[in-house]
Amino acid sequence: MKAKRIGVLTAGGDCPGLNAVVRGVTKHALQNGMEVLGFKNGFDGLVKNDFMFLDDRCVSGIITRGGTILGTSNLANPFAYTLPPLGSPKEPKDLTANVLNTIKENKVDALVAIGGDGTLSMAQKFIELGVKIVGVPKTIDNDLSATDFTFGFDSALSAATDAVDRIHTTAESHHRIMIIETMGRYAGWIALRSCIAGGGDICLIPEIPYNDDAIAKAIEDRRAKGKTFSIIVAAEGAVNEKGEMAVQRTIEGSTDPVRLGGISGKVAAMLEQKLGLECRVVVLGHLQRGGTPTAFDRWLSTRFGTEAVELILKNQYGNMVALRGGDIISVPIKQAVAKLKKVDPSGEEVRSALAVGTSFGSNKIG
């Protein structure tokens, strides 16, 4: 049976390209005679029956805008809802019945869930409850194994690389050690590629545990060659050889309960103590999530959005759109979220970085 009314939601962390997907979904669905409901603030809109009808006018001109016109949330988990007044961190509520009632009451035939591994994992649970869902992979971390790229990654990488470029001049002028902290959670893609593209000297990523002495030695080696400054690009999820990470705090009810951050300050304090050299820290944080999406992300988001509607037209539910080579394909959501895509310590990218003298702060690589 052809879907007559579909819903679309954006959940998890925001990133450039979300609006382009919403636009792609809406325009293609309208061309095929469907109505489109945009549920607000991720799954929270389904919990609270909060939505807006999307038409051509609503999505006109939004392809260049960052963020999402629908709003988003990484806390509104219907399976363990912690937001007051319906729930609390101390007493999470199972509000899946609310979601199912919203879908039934509004005669929504299918949903397009746009998000990362947390969002798509929740989508998979609803699929198992009988909801017809297709997924679109979104994360600046680029850590979903089923797709070559997630939209949002290229824009975040562009922002991080620009930061490395800008830090070069001030680092060189003041003869300092500058440490740039990127996002990426448990995968080092943003840090690695921005370090390579920006000519960083040391790269710290989760996949290659670092050693304090190895970092210090890399800087001393540079100074012995007459290089008076060093740039370190550190992923927020970098770990040392003891397996320790820099954790700000934990957040109950979030799809990403561990809030990472602080690796740059930790490394700076260590280097100042060991070497007696001035270190400065730049934490990019949400700068990587904001702003205008790159041309690549707009291109990819549009293709993802239109292909998601194609899956609905073909009744191919339970699948996620993905980029393989130059083609948009579909893969089961269950498969897509089963394993994180991480940097291969023995891979070509790491070897290329090593070949131009980049240190990973480790004596054990590969």
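When restricted to residues that are more than 13 Å from Ala336 (Cβ to Cβ), of a type outside the set (A, V, I, L, M) and out of contact with any strand residue (DSSP E or B) (no Cβ under 6 Å at 6 or more places or on another chain), segment 93-125 contains 9. Could you list, in sequence order, all residues of segment 211-244 that are touching a strand residue (DSSP E or B) at 6+ places or on another chain (Cβ under 9 Å) and in a loop (DSSP other than H, G, I, E, B)? Selection gives Asn211, Phe229, Glu236, Gly237, Ala238, Val239, Glu241.
When you go through Phe51, Phe39 one by one, which is the residue that is surrounded by 23 or more Cβ atoms within 10 Å (Cβ to Cβ), closer than 25 Å to Tyr317 by Cβ and among the aromatic types (Phe, Trp, Tyr)?
Sole residue among the options that is surrounded by 23 or more Cβ atoms within 10 Å (Cβ to Cβ), closer than 25 Å to Tyr317 by Cβ and among the aromatic types (Phe, Trp, Tyr): Phe39.
Taking segment 70-105 as the range and being among the aliphatic types (A, V, I, L, M), surrounded by fewer than 18 Cβ atoms within 10 Å (Cβ to Cβ) and at pLDDT 95 or above as the test, the residues that pass are Ala97, Leu100. Listed by position, the helices (runs of 4 or more DSSP H) contained in segment 1-113 that have at least 3 residues being in contact (Cβ under 8 Å) with a residue 60 or more places away in the chain and out of contact with any Cys (no Cβ under 6 Å at 6 or more places or on another chain) are 18-31. Of all the criteria given as (1) touching a residue at least 40 places away in the same chain (Cβ under 8 Å); (2) crowded, with 16+ Cβ neighbours inside 10 Å, the one not satisfied by Ala246 is (1).
Looking for whichever is over 21 Å from Thr139 (Cα atoms) and in the same structural domain as Gly118 (by TED's automatic domain parsing) here; the options are Lys314, Lys266. Which one fits? It is Lys314. Within segment 118-141, work out how many residues are surrounded by 24 or more Cβ atoms within 10 Å (Cβ to Cβ) and not in a strand (DSSP E or B). The total comes to 7. Screening Lys217 with (1) more than 19 Å from the chain's Cα centre (by Cα); (2) modelled with pLDDT of 95 or more gives one miss only, at (2). Considering segment 265-362, the qualifying helices (runs of 4 or more DSSP H), each wholly inside and each with 1 or more residues that are of a type outside the set (S, T, N, Q) and within 30 Å of Leu129 (Cα to Cα), run over 295-313, 333-336.
The values are calculated or read from the model by the stated rules, or taken from the named source; none is laboratory data. Bear in mind that the values here come from a model prediction, so they are computed numbers and not experimental data. Using ideal geometry, Cβ is built from the backbone for each residue, glycine included, and neighbour counts are taken over all protein chains shown.
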